[in-house]
Amino acid sequence: TATVVVAPSLQAVNDVMPPVTAGVGGVTPSVLANDTADGKAVVLTGSGANATLIPGASPDTGIVMNTDGTITVKPGTAAGTYTYPYKICSVPATDPATCSEATATVMVGTPAPVPVGPWWLLMPGLLVLAHRRLGARRPG
């Protein structure tokens with residue numbers, strides 16, 4: 001009698017994360033949101049666990065992949081586009097390991113400029129309203 005063992009099917013899919021502001025930092029959605037194990041959503045914990053997450057090398061010390069697949073971008077991380085590799089492997093483990101690799105692209109953008117100057121120049125509509133309410137008269 002022959003025993004046929006079918007290896008699990010894993011599919012890690014590349015991700016493009018929503019932008020994170022450099023000066024503020026933030027947390028992205030999970031890289032696992034679009035990955036599958038045997039056609040089902042990837043589950044990392046509990047009795048229904050079907051995969052493990054193995055983060056690759058971080059592209060920057062200010063960028064960390066968390067155990068749930070979210071990526072934390074620390075405040076002060078330099079603006080730029082970073083790629084963060086990761087892989088998912090089947091649970092239970094197989095020999096040889098059954099894994100699938102993908103990358104998450106994380107865009108860290110510069111913060112929007114903050115206007116600086118006298119308050120009345122930043123609010124021209126308010127200046128006109130104040131001018132009219134104070135009963136300013138036209139010369140002449």
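The values are calculated or read from the model by the stated rules, or taken from the named source; none is laboratory data. The model shown is predicted, which means the values in this text are computed figures rather than measured ones. A quick note on method: Cβ atoms are made from the backbone with ideal geometry, for glycine too, and the neighbour counts reach across all protein chains shown. Please note that ligands, DNA and RNA were not included when accessible areas were found on the heavy atoms of the full protein model with its side chains. Shrake-Rupley method; radii C 1.70, N 1.55, O 1.52, S 1.80 Å.
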Looking at residue 11 and the list (1) open to solvent by 60 Å² or more (accessible area, probe 1.4 Å); (2) within 16 Å of residue 92 (Cβ to Cβ), which single condition is not satisfied?
(2)
Here is a list: 56, 39. Which entry is open to solvent by less than 50 Å² (accessible area, probe 1.4 Å) and either over 15 Å from residue 85 (Cα atoms) or at pLDDT 95 or above (or both)?
56
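Residues are listed down the side, and each one gets a yes or a no for (1) open to solvent by 60 Å² or more (accessible area, probe 1.4 Å); (2) in contact (Cβ under 8 Å) with a residue 40 or more places away in the chain; (3) within 16 Å of residue 16 (Cα to Cα):
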position	(1), (2), (3)
26	no, yes, yes
30	no, yes, yes
50	no, yes, no
73	no, yes, yes
80	no, no, yes
91	no, yes, no
97	yes, no, no
